[in-house]
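**Student:** The structure is given below, and queries will be raised subsequently.
The values are calculated or read from the model by the stated rules, or taken from the named source; none is laboratory data. Since the model is a prediction, treat every value here as computed from it, not as a measurement. Virtual Cβ from ideal backbone geometry, glycine too; neighbours counted across all protein chains shown. Just the protein is used for accessible areas: all its heavy atoms, side chains included, with ligands, DNA and RNA removed. Shrake-Rupley method; radii C 1.70, N 1.55, O 1.52, S 1.80 Å.
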Amino acid sequence: MDLLQSSYAPDGASSPEDSAAASSPDSSPLRLPSKSAAPAVDDTALALSSAASAARPLDPSLHLVAFNPTADQLWAPILGPQHPHAPISSASGNRNHKLGHVEDAAVLPFLFDEQYNTFHRFGYAADPSGLHIVGDAQTQAPEPDTVYNLAPSEHKRRRLLAKADNQEEPAPPEAKNPASEEWILHNKQSPWAGKKEAPPAELTDEQKQYAEAHAAKKAEKEARGEGKSERTEVVVKTTFHGKEEKDYQGRSWITPPKDAKATNDHCYIPKRCVHEWVGHTKGVSAIRFFPKYGHLLLSASMDCKIKIWDVLGSRTCMRTYMGHSKAVRDISFSNDGSKFLSAGYDRNIQYWDTETGQVISTFSTGKVPYVVKLNPDEDKQHILLAGMSDKKIVQWDMKSGQITQEYDQHLGAVNTITFVDNNRRFVTSSDDKSLRVWEFGIPVVIKYISEPHMHSMPSIALHPNSNWLAAQSLDNQILIYSTKERFQLNKKKRFAGHIVAGYACQVNFSPDGRFVMSGDGEGSCWFWDWKSCRRFKTLKCHNGVCIGCEWHPLETSKVATCGWDGVIKYWD
């Protein structure tokens with residue numbers, strides 16, 4: 001211990017007396033001197049650099065600064081001479097706009113409207129700072145009035161003063177005569193007050209020639225019945241294209257052949273195109289085989305014409321029916337095929353005689369019919385149902401021509417009508433994405449089917465066993481509903497793979513019920529197996545949309561398709 005003390009003792013305390021005094025119990029404790037373990041560093045350069053950086057101005061063009069500048073350095077004005085073409089600004093060091101420094105100011109919309117309306121009404125307003133008045137305010141008023149704090153009486157007084165200041169000299173007596181020019185100048189009620197009407201200018205020779213030519217064209221159109229005020233009546237015409245309307249035995253050309261019968265109970269998928277019917281100038285919207293026999297094929301087109309084609313014999317067009325002024329939307333045969341219905345966008349429903357091509361009767365409600373159907377019962381073939389664009393299903397008695405019933409529950413245009421349950425009920429689909437089931441003759445819905453996930457169903461087909469409905473849904477699938485009491489969705493059967501979104505492609509069954517088929521928006525015809533729901537085959541049929549497909553009622557492997565390319569194809 002003594003050795004340790006002696007090593008730390010100062011030079012003047014090396015005597016034995018001092019040592020004894022230091023080691024005595026009455027003496028104060030030993031205090032060791034502070035020692036730094038850090039090596040000696042020369043901070044002269046650091047002091048010089050910090051002094052230089054504090055005095056040195058900051059170059060605003062630098063992207064990297066080697067020292068920490070102060071706030072005064074950051075916002076200091078740029079040193080050096082001003083650029084001769086640069087705008088002079090006192091806040092050049094704190095510039096956030098090309099013209100200087102712009103500060104945000106928040107003004108309540110009410111305060112702004114108050115000062116704005118005050119300025120336009122009285123000619124003065126308060127500065128946004130609230131310290132000054134802009135405009136012609138009374139200097140004696142410490143706080144000038146605004147439009148919102150003036151009393152109604154003061155408003156009225158100022159309005160009268162302004163009216164008196166602007167009062168003009170009294171109007172002359174001629175101003176009371178509306179036929180005079182003075183009345184036009186002084187009458188404040190006239191929209192032409194203060195304006196003097198100029199006499200009509202003379203037309204130039206070129207303008208006169210143009211007016212005469214326009215009047216001659218208008219008169220010519222009115223003479224032809226093309227004026228807007230007159231509604232032209234479509235002349236019903238028909239043309240027979242066959243060799244003769246009756247054969248040597250006196251049988252009509254629509255009489256089915258006696259040997260026409262089903263050759264096989266099983267249907268087969270067609271493989272190739274065996275014939276094309278070309279005659280329509282625009283897209284074909286619907287095709288229907290002759291009932292039970294299928295020896296004739298009826299087609300409706302967007303070229304306003306309906307044609308019927310021979311299927312078994314010459315395979316040519318037999319007759320053309322022209323009675324619509326706009327595109328034909330739907331067609332439907334009667335049970336025996338001797339008559340058929342057509343619905344067009346000209347808002348007319350025509351009832352045609354298939355053999356002669358004459359229109360038996362015409363029906364219209366002023367709305368566009370989207371679907372037409374006759375009651376399938378033999379004793380009710382005179383009853384017509386039509387789904388209209390005004391959300392109604394209208395029922396006509398064609399014998400009297402009167403509307404006997406209206407089914408008005410849908411919220412959108414009606415797309416399909418399908419009879420079920422031995423024709424005692426019918427199912428309708430609409431643009432409102434719902435299915436409704438009706439008792440025939442009673443305008444009350446007995447079943448309403450609508451789910452959030454449902455889409456519009458523009459085509460519905462009845463299975464040959466009458467137990468199922470196939471509905472073409474616009475979310476690219478075919479849904480199956482039961483025709484029993486509850487009309488339930490069969491979740492186990494669903495046919496998908498085709499693209500039909502946006503198109504009312506027809507869905508159909510084979511006569512034996514083993515296959516489901518449908519057109520699609522890409523021109524193909526799809527075939528599915530009914531039991532397994534698997535895709536069986538896809539045929540590329542048309543260049544545009546394949547809108548319709550029909551299975552021949554007797555020939556078990558033949559299918560007709562139509563598309564928007566105007567062609568009808570026959571497949572085997």
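**Student:** Could you figure out which of (1) open to solvent by less than 10 Å² (accessible area, probe 1.4 Å); (2) within 35 Å of the chain's Cα centre (by Cα); (3) aromatic (Phe, Trp, Tyr) isn't true of Trp468?
**Tutor:** If we test Trp468 against (1) open to solvent by less than 10 Å² (accessible area, probe 1.4 Å); (2) within 35 Å of the chain's Cα centre (by Cα); (3) aromatic (Phe, Trp, Tyr), just (1) comes out false.
**Student:** Another question, then. For region 336-372, what are the residues that are in contact with a Ser or Thr (Cβ under 9 Å, 6 or more places away or on another chain), part of a loop (DSSP other than H, G, I, E, B), within 23 Å of Ile254 (Cα to Cα) and open to solvent by 40 Å² or more (accessible area, probe 1.4 Å)?
**Tutor:** Correct list: Glu355, Thr356, Gln358.
**Student:** Continuing with the same structure: Can we say Gly521 is under 27 Å from Asn490 (Cα atoms), at pLDDT below 95 and surrounded by 23 or more Cβ atoms within 10 Å (Cβ to Cβ)? Outline the logic, then answer.
**Tutor:** Details: under 27 Å from Asn490 (Cα atoms): yes; at pLDDT below 95: yes; surrounded by 23 or more Cβ atoms within 10 Å (Cβ to Cβ): no.
No: the conditions fail for Gly521.
**Student:** Mind telling me which of the residues Lys493, Lys558, Lys537, Lys531 ends up being open to solvent by 10 Å² or more (accessible area, probe 1.4 Å), over 26 Å from Arg272 (Cα atoms) and either among the basic types (Lys, Arg) or modelled with pLDDT under 90 (or both)?
**Tutor:** None of the others qualify; the one that does is Lys493.
**Student:** Just wondering, is there one or more residues in region 161-175 that are surrounded by 11 or more Cβ atoms within 10 Å (Cβ to Cβ), aliphatic (A, V, I, L, M) and modelled with pLDDT of 75 or more?
**Tutor:** yes
**Student:** Taking into account only those residues within region 540-551 that are farther than 25 Å from Lys292 by Cβ and touching a Ser or Thr at 6+ places or on another chain (Cβ under 9 Å), which is surrounded by the most Cβ atoms within 10 Å (Cβ to Cβ)?
**Tutor:** Residue satisfying both the conditions and the ranking: Cys546.
**Student:** Thr263 - would you say it is polar (S, T, N, Q) and open to solvent by less than 100 Å² (accessible area, probe 1.4 Å)? Working first, answer last.
**Tutor:** Working: polar (S, T, N, Q): yes; open to solvent by less than 100 Å² (accessible area, probe 1.4 Å): no.
Here the answer is no, as Thr263 does not meet what is asked.
**Student:** So, of the residues in region 302-335 that are aliphatic (A, V, I, L, M) and more than 20 Å from Ala504 (Cβ to Cβ), which turns out to be most open to solvent (accessible area, probe 1.4 Å)?
**Tutor:** Filtering region 302-335 down to residues aliphatic (A, V, I, L, M) leaves 302, 306, 308, 311-312, 318, 322, 327-328, 331.
Checking the rest, the ones that are also more than 20 Å from Ala504 (Cβ to Cβ) come to 308, 311-312, 318, 322.
Values: Ile308: 0, Val311: 1, Leu312: 79, Met318: 25, Met322: 41 Å².
Among those that are aliphatic (A, V, I, L, M) and more than 20 Å from Ala504 (Cβ to Cβ), it is Leu312.
**Student:** Follow-up. Of all residues in region 290-301, which are closer than 20 Å to Ser459 by Cα and open to solvent by 20 Å² or more (accessible area, probe 1.4 Å)?
**Tutor:** Pro291
**Student:** While we're looking at this one, here's another question. Tell me which residues, restricted to region 184-214, are modelled with pLDDT of 70 or more, part of a helix (DSSP H, G or I) and hydrophobic (A, V, I, L, M, F, W, C).
**Tutor:** Within region 184-214, Ala211, Ala213 qualify.
**Student:** Could you please find all residues in region 386-425 being buried (at least 19 other Cβ atoms within 10 Å of the Cβ) and over 34 Å from the mean Cα position of the chain (by Cα)?
**Tutor:** Matches in region 386-425: Trp396, Val420.
**Student:** What residue, of Val107, Val65, Val41, is modelled with pLDDT of 75 or more and over 58 Å from the mean Cα position of the chain (by Cα)? Give the steps one after another, and end with the answer.
**Tutor:** On the way: Val107 fails: over 58 Å from the mean Cα position of the chain (by Cα); Val65 fails: over 58 Å from the mean Cα position of the chain (by Cα).
Val41 is the lone residue from the list that is modelled with pLDDT of 75 or more and over 58 Å from the mean Cα position of the chain (by Cα).
**Student:** It is to be established whether one or more residues within region 80-96 are in a loop (DSSP other than H, G, I, E, B), open to solvent by 70 Å² or more (accessible area, probe 1.4 Å), modelled with pLDDT of 70 or more and not β-branched (Val, Ile, Thr).
**Tutor:** yes
**Student:** Would you pick out the residues in region 266-289 that are open to solvent by less than 50 Å² (accessible area, probe 1.4 Å) and not in a strand (DSSP E or B)?
**Tutor:** The answer is Cys267, Ile269, Pro270, Gly279, His280, Gly283.
**Student:** Are any residues in region 110-120 aromatic (Phe, Trp, Tyr) and either at pLDDT below 75 or in contact with a strand residue (DSSP E or B) (Cβ under 6 Å, 6 or more places away or on another chain) (or both), and if so, which ones?
**Tutor:** Phe119
**Student:** Is there any pair linking a residue in region 548-572 that is within 24 Å of Arg329 (Cβ to Cβ) and aliphatic (A, V, I, L, M) to one that is open to solvent by 30 Å² or more (accessible area, probe 1.4 Å) and outside any strand (DSSP E or B), with Cβ under 9 Å and at least six apart or on different chains, and which?
**Tutor:** Filtered contacts from region 548-572: Val559/Asp572; Val567/Asn543; Ile568/Gly279.
**Student:** Kindly provide the set of residues from region 317-329 that are touching a residue at least 24 places away in the same chain (Cβ under 8 Å) and in contact with a Phe, Trp or Tyr (Cβ under 7 Å, 6 or more places away or on another chain), ordered by number.
**Tutor:** Cys317, Met318, Arg319, Tyr321, Ala327, Arg329
**Student:** Further, regarding this structure: If a residue has to be on the phi < 0 side of the Ramachandran plot and outside any strand (DSSP E or B) to count, how many in region 445-503 make the cut?
**Tutor:** 25
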